[in-house]
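The values are calculated or read from the model by the stated rules, or taken from the named source; none is laboratory data. None of these values were measured; they are calculated from a predicted model. All Cβ positions, glycine included, derive from the backbone under ideal geometry; neighbour counts span all protein chains shown.
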Amino acid sequence: MIAIQLPNTIEFALTVLAAYRAGLVVAVLPLLWRQAELTMALNRTAARAIVTSAKVDGIVYASMSALGFAMTENILYYGRAALGGGGSLTAIFIIRGFFAPFSHPLFTSLTGIGLGLARQSRNTFVKLIAPIFGLMAAISMHAIWNGSARLFGGGLAEFQRHAIRFADVEVLLLVLACGH
C-alpha cells in the first residue's frame with residue numbers, strides 16, 4: 001500500500017495508474033491534511049510510502065493564485081484610470097503592465113517558499129517560523145513596492161528608474177530563495 005497526496009494533475013493520474021499496474025493499493029489523502037492527519041492516516045492504512053508534492057509546489061501554487069489576484073486588480077486599476085481620463089491610463093499600464101506584471105506572484109511566492117520549507121522540515125521550530133517569515137517577506141516587499149512611488153517621488157520617470165532597480169532585487173531574492 002502507498003499513500004498519495006497530490007493535486008488533480010497528470011502526475012496524480014500517472015502515479016495512481018503506475019501504482020495499480022504494480023499491484024499496489026492506493027490511499028488518496030486530501031491536500032489540506034497536514035502532519036497530524038497524515039500521521040493518523042498513514043498509521044491506519046499501513047502505507048509503506050507516501051507520494052507528495054515538492055517544496056517548489058508551494059511557490060507555484062502561491063504564484064498562480066497571485067496571478068489571478070493581480071489580473072483582477074489590474075482590471076480595476078485600468079478601469080479607474082480609463083474613467084479618470086487624461087494620460088493616467090497610459091501611466092498605469094506602463095507601471096502595472098510593463099514594470100510590475102509579476103510583482104504579486106513574486107511577493108506571494110515568498111509565502112509559498114515559507115510554506116514549502118515548513119512542510120518539508122522535520123524541525124518544529126522551522127515548521128512554525130518559516131511560513132511567518134515567508135509572509136513577512138511578502139508583506140515587506142509589497143510595502144516597499146507600494147511605497148516606492150511616494151518615497152522616491154519625481155513622477156513617472158523617477159518611479160520607472162527605481163522600479164527597474166526593484167525588479168533586479170526581486171530576481172535576486174527569488175534566485176537566493178530557490179537555491180536553498
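Can you tell me which of 173, 89, 135 is part of a helix (DSSP H, G or I), at pLDDT below 80 and surrounded by fewer than 18 Cβ atoms within 10 Å (Cβ to Cβ)?
173
Tell me, which residue of segment 24-46 that is among the small types (Gly, Ala, Ser) and out of contact with any strand residue (DSSP E or B) (no Cβ under 6 Å at 6 or more places or on another chain) is nearest to residue 124 (Cα to Cα)? It would help to see each step written out before you state the result.
Start the filter on segment 24-46 by keeping residues that are among the small types (Gly, Ala, Ser), which leaves 27, 36, 41, 46.
Filter again for out of contact with any strand residue (DSSP E or B) (no Cβ under 6 Å at 6 or more places or on another chain), leaving 36, 41, 46.
Details: 36: 13, 41: 20, 46: 24 Å.
Only one residue fits best here, namely 36.
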